[in-house]
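**Q** This structure is in structure tokens; I'll ask about it shortly.
The values are calculated or read from the model by the stated rules, or taken from the named source; none is laboratory data. Predicted model only: the values in this text are computed from it and were never measured. Don't worry about glycine lacking a Cβ; one is built from the backbone with ideal geometry, like all the others, and counts go over all protein chains shown. Side chains included, ligands, DNA and RNA excluded: accessible areas come from the protein's heavy atoms. Shrake-Rupley method; radii C 1.70, N 1.55, O 1.52, S 1.80 Å.
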Amino acid sequence: MKLLIHDLEESQAKALLPASASTDNTIVISDDGTIRNCVGCFGCWIKTPAACVIRDNYGDLGETLAKCDDELVIISECFYGGFSPFVKNVMDRAISYVHPDFVIRNKEMHHKRRYRNHFDLTVWFYGADISENEKATALELVQANADNFDCTVRKVGFIKDISEIEELIK
Amino acid sequence: MKIALINGSPKANGSVSALILQSLRERFPDHQEQRDDGACCTCSTCGSDTSGACGTCINTYHFSKPQINQQDLAELAACDTLVFAFPLYVDGIPSHLLSCLSQMEGYLKPLASKEMRVYAIVNCGFYEGRQNQHALDMMQNWCAKTRLIWGHGLGIGGGGSQAAIPETHPLKKGFSAAMNNMANYISNGRAADHAFIDPAIPRILYKIGGAMGWRQQIKVNGLKVRDLSLRK
Ligand SMILES: Cc1cc2nc3c(=O)[nH]c(=O)nc-3n(C[C@H](O)[C@H](O)[C@H](O)COP(=O)(O)O)c2cc1C
């Protein structure tokens, strides 16, 4: 199963993303305008393990990540060298993907796996004026995310205009 | 100098970020909170001006939602220094705070003549303070976009364990020194490279402590230890 997380508006997504983006073997997570933010309660580890305590449309993102055993593609506007608020919200609400216990991986502390699936990570950052510093931050950030997800970075790309995405993710 | 201390943790109460800001606040004993009506707080750090116009005061804000209200925005725009303290979320800035920063960028950028300095303290759950680097870099990138002056960033590893130790305890030495530096840089409007601190206890102990903590907490919630590993 592939997973696509993006922050495009519905009309943009329809126009730019391939029809395959919504077939049976790809799960798409997009912004329906109702996502609430993580409140830092750790309930997804110790109250309702593996599920977020906030039961909006985004309460089972950890479980969704666990279904991804192929590629996770993220399309996000670049904010200060990181993801957009919506994409970041999805990441914050998905920490039940990992187990609370610590492990040492690549000489640094990370979380133990909860699930056994493995995926590769591809990220497309878009924005008209992404600075060189922002690009450098973004590259390091995605690698850090991959260390925490215990996955492999396949590609990180930067595009000026979101319309370019159509060619890139065919 | 008018300073805003901004807590960027979404937790209503009991955040590590609040403890960190409290500890920083204690390093400015002469500064008082400005009164709600904007009148002078008579802290006398500026001399004898009691008009309230000197703005030698220090106020605390809490961004726990993805929006900032207009009054807070206007007050923040009148500050000389912004100090953010927030938790590391997935190697970056918590999403609600990111929304606030974006809103501030829109509000502050047109006020280009403003000389405003920005400092940030990011704390995380993992042991290594250095894991906060990307979040600090993003704050620095935000400053560049918003045309503010970046001062200094501090990354605190094992934040909860460090903040909970009493101020005078020997295990708090590294933390206190880093906070003293931060307070100095703020007072003098100075800039410095990011600094990172780890807990004063060995990593293996911190790791075991963490595992014990989760086991205790899940039992308090009436669940079994094995539920920590539940899969959906
Ligand atoms: C959604 C979420 C994501 C987190 N991501 C990280 C992380 O990537 N690295 C880390 O070391 N700690 C991470 N933490 C742990 C927090 O940074 C840590 O608990 C911090 O002390 C909370 O600070 P606060 O009490 O000021 O909110 C995360 C916590 C939450 C709730």
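**Q** Across segment B:61-92, which residue is nearest to B:P10 (Cα to Cα) among those that are in a loop (DSSP other than H, G, I, E, B) and within 16 Å of the ligand (Cβ to nearest atom)?
**A** For segment B:61-92, the residue satisfying everything is B:S64.
This table checks each residue for (1) hydrophobic (A, V, I, L, M, F, W, C); (2) open to solvent by 60 Å² or more (accessible area, probe 1.4 Å); (3) under 30 Å from B:L205 (Cα atoms).
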position: A:F79; (1), (2), (3): yes, no, no
position: A:P85; (1), (2), (3): no, no, no
position: A:I159; (1), (2), (3): yes, no, no
position: A:E164; (1), (2), (3): no, yes, no
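**Q** Filter segment B:66-86 down to the residues that are crowded, with 24+ Cβ neighbours inside 10 Å and within 14 Å of chain A (Cβ to nearest Cβ) and list them by number.
**A** Residues satisfying the conditions are B:F84, B:A85, B:F86.
**Q** In segment B:136-147, what residues are open to solvent by less than 20 Å² (accessible area, probe 1.4 Å) and more than 8 Å from chain A (Cβ to nearest Cβ)?
**A** B:L136, B:C143, B:T146
**Q** How many residues, within segment B:168-201, are open to solvent by 70 Å² or more (accessible area, probe 1.4 Å) and away from the ligand (no atom under 16 Å from the Cβ)?
**A** 10
**Q** Within segment B:102-111, is even one residue assigned to a loop (DSSP other than H, G, I, E, B), crowded, with 20+ Cβ neighbours inside 10 Å and among the hydrophobic types (A, V, I, L, M, F, W, C)?
**A** So far as segment B:102-111 goes, no, none of its residues is assigned to a loop (DSSP other than H, G, I, E, B), crowded, with 20+ Cβ neighbours inside 10 Å and among the hydrophobic types (A, V, I, L, M, F, W, C).
**Q** Same structure, new question: Out of (1) under 26 Å from B:L228 (Cβ atoms); (2) open to solvent by 40 Å² or more (accessible area, probe 1.4 Å); (3) in a helix (DSSP H, G or I); (4) not β-branched (V, I, T), what's the single condition that is false for A:L65?
**A** (2)
**Q** Right, next: Is there a residue in segment A:96-118 that is under 13 Å from the mean Cα position of the chain (by Cα), within 19 Å of B:G92 (Cα to Cα) and among the β-branched types (V, I, T)?
**A** Within segment A:96-118, not a single residue is under 13 Å from the mean Cα position of the chain (by Cα), within 19 Å of B:G92 (Cα to Cα) and among the β-branched types (V, I, T).
**Q** In segment A:1-23, is there at least one residue being open to solvent by 20 Å² or more (accessible area, probe 1.4 Å), in a helix (DSSP H, G or I), under 26 Å from B:L88 (Cβ atoms) and more than 9 Å from chain B (Cβ to nearest Cβ)?
**A** no
**Q** While we're here: Which members of segment B:109-129 meet the condition of being more than 12 Å from the chain's Cα centre (by Cα) and either of a type outside the set (A, V, I, L, M, F, W, C) or within 12 Å of another protein chain (Cβ to nearest Cβ) (or both)?
**A** Hits for segment B:109-129 are B:K109, B:P110, B:S113, B:K114, B:E115, B:R117, B:G125, B:F126, B:Y127, B:E128, B:G129.
**Q** Still on this structure: From (1) closer than 24 Å to B:Y127 by Cα; (2) more than 8 Å from chain B (Cβ to nearest Cβ); (3) open to solvent by less than 20 Å² (accessible area, probe 1.4 Å); (4) in contact with a strand residue (DSSP E or B) (Cβ under 7 Å, 6 or more places away or on another chain), pick out the condition that doesn't hold for A:C44.
**A** (4)
**Q** So which residues in segment B:151-205 are at positive phi and out of contact with any helix residue (DSSP H, G or I) (no Cβ under 8 Å at 6 or more places or on another chain), if there are any at all?
**A** B:G189
**Q** So, B:I201, is that one away from chain A (no Cβ under 12 Å) and under 20 Å from the mean Cα position of the chain (by Cα) or not?
**A** Considered against the rule, which asks whether it is away from chain A (no Cβ under 12 Å) and under 20 Å from the mean Cα position of the chain (by Cα), B:I201 comes out as no.
**Q** Provide a single number: the residues in segment B:150-167 that are within 17 Å of the chain's Cα centre (by Cα) and more than 16 Å from the ligand (Cβ to nearest atom).
**A** Counting residues in segment B:150-167 that are within 17 Å of the chain's Cα centre (by Cα) and more than 16 Å from the ligand (Cβ to nearest atom) gives 3.
**Q** Can you name the number of the only condition in (1) open to solvent by less than 10 Å² (accessible area, probe 1.4 Å); (2) within 15 Å of the ligand (Cβ to nearest atom); (3) more than 14 Å from chain A (Cβ to nearest Cβ) that B:N132 fails?
**A** (3)
**Q** Next up: Please find, within segment A:24-41, the residue that is nearest to the other protein chains (Cβ to nearest Cβ) out of those that are aliphatic (A, V, I, L, M) and part of a loop (DSSP other than H, G, I, E, B).
**A** Selected residue: A:V39.
**Q** So which residues in segment A:96-114 are within 10 Å of chain B (Cβ to nearest Cβ), surrounded by fewer than 21 Cβ atoms within 10 Å (Cβ to Cβ) and not in a strand (DSSP E or B)?
**A** The one that is within 10 Å of chain B (Cβ to nearest Cβ), surrounded by fewer than 21 Cβ atoms within 10 Å (Cβ to Cβ) and not in a strand (DSSP E or B): A:K107.
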